[in-house]
Structure formats: structure tokens, C-alpha cells
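The values are calculated or read from the model by the stated rules, or taken from the named source; none is laboratory data. This one's a predicted model, so the numbers in the text were calculated from it and none came from an experiment. Positions of Cβ are backbone-derived with ideal geometry, glycine not excepted, and every protein chain shown enters the neighbour counts. In case anyone asks, the SASA skips ligands and DNA or RNA and just uses the protein heavy atoms, side chains included. Shrake-Rupley method; radii C 1.70, N 1.55, O 1.52, S 1.80 Å.
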Amino acid sequence: MAGESLRWWVGILLFVGAIVSTQSMQDECAVEIYEKIFKPALGQIKNPYVLVEFFASWSPPSKEFKPHYDRVACMFNEPDPVHANEVFVTKVDCALESNKMLCARFDIQSYPTLYWGPSEVVASGSAFSKEDSGLQSVSGSAVSTAEDLLQWINKRLNKKYSLTDAKPEPEIHKPILEMKQSPGVYGIWKNPATLHDVEEATAQAFSYMMDEKMMRSSSRGSFIQFMHLLERHHPSERCRKGSAKILQNLVEFWPLRQPPRSVLKKQQLCGPGLPRGFWDSCDGVGRGYSCGLWMLFHSLTVRVEDFEGSFALTAIEAFVDDFYKCDHCRNQFRNMTSRITHESTSTKKDVVLWLWRTHNKVTELVAREESRVKGHSPRKLWPPENECPPCRDIPNGDSEWDEEAVYYFLLEFYGLKGAELQYRYSKVVTSEKSVVVPYWAAVSIGLASLGCAMATCYSRVHKLKFKLAKGS
């Protein structure tokens with residue numbers, strides 16, 4: 001009897017794990033954009049056509065359509081499109097208050113509604129310019145399955161694409177850092193940028209933003225920009241969800257031209273229990289919140305798309321300008337960044353390296369001040385040579401950098417590698433090969449391990465009960 005029960009529980013747990021892993025295998029390839037970056041984003045797209053889904057995150061039809069839309073999106077969008085450079089598939093959440101004017105511009109009456117057209121036409125178009133410009137729309141109910149949607153696209157491309165078209169084998173790109181050194185020298189990269197500290201910094205930043213001295217009506221725009229950046233690119237899922245909740249309820253939480261309401265201050269951006277009040281890798285004298293905030297900024301910039309470069313840069317600057325409590329630090333940051341001309345075509349690489357340079361400039365300023373007061377400073381420019389030898393053009397130099405190598409180091413250090421940041425893949429880079437483990441496989445393994453643990457626990461409890469019964 002015990003054996004049958006044990007097998008039953010293990011079977012249930014493994015079955016659940018299989019379901020979860022199967023559902024998780026479907027990537028979310030449709031790129032979500034919002035009104036602030038709608039025109040510049042689509043204006044920079046090189047694909048000849050754009051498909052935009054206007055949806056509402058609360059809408060049951062939108063939720064039902066989502067897996068079908070994403071399945072088609074994965075055929076055309078990065079990272080591994082079957083049919084590249086043809087259609088850029090994106091979406092806009094009309095449930096967000098900040099997207100209301102954009103959705104009204106396209107006269108969205110039902111969810112989901114899709115718009116199709118040349119990139120430049122969609123970027124500047126509206127529901128009232130459809131007939132002359134080649135802009136077309138269709139209700140989601142008319143293309144409710146992936147098959148129907150792909151056929152609708154085929155008619156506009158004059159193609160015969162199928163959902164069974166083969167996906168090319170993903171090419172594993174070895175970072176430049178590996179290529180610049182002899183095999184066996186560098187080993188496995190370590191990533192101390194723990195999710196704990198990124199979440200802690202985010203939760204503390206939100207609590208500081210809620211300070212009455214910071215919450216001016218003029219800072220509402222900066223607040224919305226930063227919430228959008230968190231909602232799109234925060235490495236923690238619960239921080240992304242918390243940001244999305246605030247954006248969806250912004251009219252209630254912070255009405256236009258009014259002070260924010262008390263309900264906004266009660267929101268727990270990254271979930272209950274945060275901030276925790278302690279640090280992990282950012283622990284130490286003179287570190288803590290400032291260290292965690294830099295870590296958060298770096299983690300955000302390595303995740304933006306090229307078309308979001310200028311927006312990400314502006315959002316970070318606006319946050320520091322409006323919500324950073326240290327006046328001296330804020331003025332230093334403003335003085336350094338005010339000399340930068342923000343091009344509308346700033347790429348992801350531009351923003352990643354801009355933040356890195358700014359971080360090192362701040363480090364230099366703080367180190368000089370500490371040396372003046374204490375006679376020395378432990379602060380060094382980052383990354384140090386022992387962590388990234390290829391990043392230095394001149395060994396042991398502090399000012400000569402190979403920025404191409406620095407860029408790839410930052411992507412790996414703050415980006416897709418490492419289960420701690422819980423982003424799309426857990427990637428381990430060695431001197432010989434790169435191994436990529438899909439997150440759904442990790443979930444399955446975790447659930448299977450949980451099943452074994454529960455099964456073991458059940459078996460031991462059953463044996464104990466049997467011994468006690470026998471002893472009595």
C-alpha cells in the first residue's frame with residue numbers, strides 16, 4: 001500500500017513538472033512597447049513591415065490570444081527567427097494609463113485588435129490614415145489561432161510560410177573576452193550581481209520615491225518612465241509584475257496634475273517582505289544602497305533593445321534627478337551627464353557603455369575625496385584587471401580600456417548568465433565551450449527534485465508511523 005501511494009505521489013509531481021516545462025517552452029517573442037517610445041522604436045526598425053497587437057492585460061480574449069500571437073512572433077522576431085528581417089511583431093497594452101492616447105489614436109474598440117503596415121507608416125499612423133497609407137487592421141477574433149494569423153500575414157507578404165517551418169540551429173556566440181585569451185586561462189566567469197541586492201535596491205528606491213519631499217506633481221513623468229523601464233527589463237519577475245500593477249492603476253494611484261494618493265505608498269513593488277534591510281554582495285562600509293542602485297541600473301541597461309537606448313538613458317537620468325536623496329551625489333551625476341548629447345538613435349551598446357563610464361567617473365570622484373580625507377581609498381576602476389584581463393589595453397593601466405571587451409563583459413556579468421538573475425537562460429561560459437540550459441528545463445529538474453524530496457519524506461514518515469504502531 002505504501003509503495004502504491006509513493007508511486008502515485010511521484011507520478012503526480014513528475015506529471016505536473018512535465019506540464020509546466022511544456023507550457024514554459026513557448027517563448028514570449030512579441031516585443032511590448034508603449035506610447036513614449038512607439039514612434040522612435042518603429043522608426044528605427046529595419047524590417048519592412050510591422051504588426052502591432054493592441055491588447056488589454058485584463059481582457060480574457062487577449063489572454064487566450066497571447067500564446068497564438070507569441071507563436072507567430074517567434075517566427076519573425078529575434079533571437080532566433082525562422083524568417084528574419086521581414087516583420088517586426090510587437091504589442092501595446094491598452095490597460096496602461098500611459099498608453100491610453102496611443103490606443104485612442106488607433107481607435108481601438110475591442111481587444112485584441114491588430115494593425116499592419118510599413119514600419120514608417122505604422123510609426124506615425126492612426127486609425128484615420130488607414131485608407132491612404134496602406135495601414136490595415138483586423139480584429140483578433142478574425143485571426144484567433146496561430147494558423148489563421150500566419151495565413152493573414154502570408155497574404156500580405158505573398159508568401160507560403162507554415163508553422164512547421166524549420167527553425168535554424170541557434171548559433172552560440174563566444175564572447176570577445178574568450179576570444180582574446182588563450183584556452184584554459186580565464187575559466188568560469190563569476191557573477192556577484194545577486195538578485196537579492198537588485199531587488200533590495202529596487203524596493204528601497206521605491207520607498208525613497210514615496211517620500212513626500214520627492215513626490216512632486218512635476219516628477220510624475222519621471223516616475224512613469226522609470227516604472228516602464230522596470231516593468232520591461234527588471235531581472236526579477238515579481239518586480240516586473242509590481243511595476244506593471246502600478247502602471248495599470250496609475251489613474252487611481254496618481255491622478256494627472258494631482259499629488260499621488262496614499263494607496264500608491266502602500267504598494268509593495270517587489271512583493272511582501274521587501275526591502276529586507278540587509279545586503280549580500282553590496283554589504284560593507286560605504287556600499288549598501290548606492291552599490292545596489294548601480295547594480296540595478298547596469299542590470300536594466302544590458303536588457304534594453306536598441307530602439308530603447310535613448311529612453312533608458314533618459315529614464316535613469318530622470319530618476320536620479322528627481323528621486324535620489326543625496327543632493328551632492330545627484331549634482332555630481334547631473335554635471336557628468338549634462339555634457340552628453342542624447343541622440344535619438346542611441347543603441348543598447350551606447351547606453352551600456354555610457355552607464356559604465358559614468359559609474360567609473362563617480363568612483364574616481366569618491367576615491368579622490370576619500371584619499372583627501374583619509375589619506376587613501378580602496379576604490380578602483382571597474383572591472384579590475386583580475387576579473388577582466390582583456391578589458392585593459394594596457395596591463396595595470398587605469399585609463400586605457402578596450403570598450404568592445406568591456407561591453408561583452410558587462411553583458412555577461414549583468415545579463416543573461418547566472419541563475420541568480422533568473423533571466424531567460426542559465427549560461428555557463430568556459431574556456432572551451434558554452435552550455436545553455438533553457439529555463440523550462442531548469443524548472444522541470446527542480447520539480448522533479450521536489451518530487452523526489454517529497455517522496456523521500458513521505459516514505460520516512462510512513463516508516464516511522466509503522467514503527468510506532470508496531471511498538472504500541
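Once the chain from L157 to S290 is taken as fully extended at 0.36 nm per residue, the excess over their C-alpha distance is 42.8 nm.
Local charge for V87 was computed over the other residues whose Cβ lies under 11 Å away, with Lys and Arg +1 and Asp and Glu -1, and equals +1. Shown here for segment 219-260: trypsin sites (Lys or Arg not before Pro) in loop regions (DSSP other than H, G, I, E, B) with at most 14 other Cβ atoms within 10 Å, namely R257. Using C-alpha pairs below 8 Å separated by at least 6 residues, the relative contact order for segment 31-157 is 33 percent. The length gained on full extension between A166 and R276, counted as 0.36 nm times the residue separation minus their Cα-Cα distance, comes to 34.9 nm. Here's how it looks for S57: its modeled amide H is under 5 Å from those of C94, A95, which are all 5 or more places away or on a different chain. Placing dummy labels 7 Å off each Cα toward the beta-carbon, the span from S141 to L365 is 5.8 nm. For F106, the residues whose amide H sits under 5 Å from its own are A127, ignoring neighbours fewer than 5 places away on the same chain, with H placed 1.01 Å from N. Distant-in-sequence amide contacts of F88, defined by a placed amide H-H separation under 5 Å and a gap of 5 or more residues or a different chain, comprise Y49, V50, L51.
Taken one residue at a time, the phi angles of segment 292-301 give Karplus couplings (6.51, -1.76, 1.60, θ = phi - 60°) of x, 5, 4, 4, 5, 4, 4, 5, 6, 5 Hz. Gly and Pro are set to x. Applying a threshold of 18 Å to the alpha-carbon distances of K66/K91; K39/K100; K36/K91; K36/K63 flags K36/K63 as lying beyond it.
With the simple model of a label 7 Å out from the Cα in the direction of the Cβ, R261 to D283 spans 4.1 nm. Karplus-based coupling profile of segment 223-237, in residue order and whole Hz: 4, 5, 4, 5, 4, 5, 5, 5, 5, 7, 10, 5, x, 9, 4, with θ = phi - 60° in 6.51 cos²θ - 1.76 cosθ + 1.60 and x standing for Gly or Pro. The phi torsions of segment 360-376, fed into the Karplus equation with coefficients 6.51, -1.76 and 1.60 and a -60° offset, translate into couplings of 5, 5, 4, 4, 4, 5, 5, 4, 4, 5, 5, 5, 5, 7, 9, x, 7 Hz, rounded to whole numbers, with Gly and Pro shown as x. The residues neighbouring C282, those whose beta-carbon lies less than 11 Å from its own, together hold a net charge of -3 under the Lys/Arg +1, Asp/Glu -1 convention.
Placing pseudo-labels 7 Å out from each Cα toward the beta carbon at S126 and E385 gives an inter-label distance of 6.1 nm.
E86 contributes an accessible area of around 40 Å² to the protein surface, as traced by a 1.4 Å probe with all chains present.
The Cβ shell under 13 Å around K266 holds other residues with a net charge of +2, Lys and Arg each +1, Asp and Glu each -1.
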